[in-house]
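Here the structure is laid out as structure tokens; the discussion comes afterwards.
Each reported figure results from applying straightforward, stated rules to the coordinates on display, with no laboratory input. Since the model is a prediction, treat every value here as computed from it, not as a measurement.
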Amino acid sequence: MPVGEKPSTTISALAELIGITERSVQRNIRNLQKDGLLRRIGGRKEGHWEVLE
């Protein structure tokens with residue numbers, strides 16, 4: 001199942017899947033948010049990410 005189809009994917013799992021550090025995943029998420037391409041809906045436990053176009 002692709003990561004995009006698994007809403008419970010963790011930063012650790014993403015880092016391992018694409019071969020970068022967890023810190024790099026966090027930095028990329030922050031940059032995508034800053035650029036208006038990614039938005040967090042809800043809280044840390046029950047929330048999800050929304051990709052904006």
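Quick one: which residues, 5+ away or cross-chain, put their amide H under 5 Å from the amide H of Thr9? H built at 1.01 Å from N.
Result for Thr9 returns nothing.
If you average 1/r over all unlike Cα pairs in the chain and invert the result, what Kirkwood radius do you get in angstrom? Before the final figure, lay out the partial values.
Working: mean 1/r = 0.0854 Å⁻¹.
Here the Kirkwood hydrodynamic radius works out to 11.7 Å.
Amide H of Leu38: which non-local residues (sequence gap of 5 or more, or other chain) have their own amide H closer than 5 Å, using H built in the peptide plane?
Gln33, Leu52
Each residue of region 11-21 in turn: what ³J(HN,Hα) in whole Hz from Karplus with 6.51, -1.76, 1.60 and θ = phi - 60°, glycine and Pro shown as x?
Once rounded to whole Hz, the list reads 4, 4, 5, 4, 4, 5, 4, 9, x, 10, 6.
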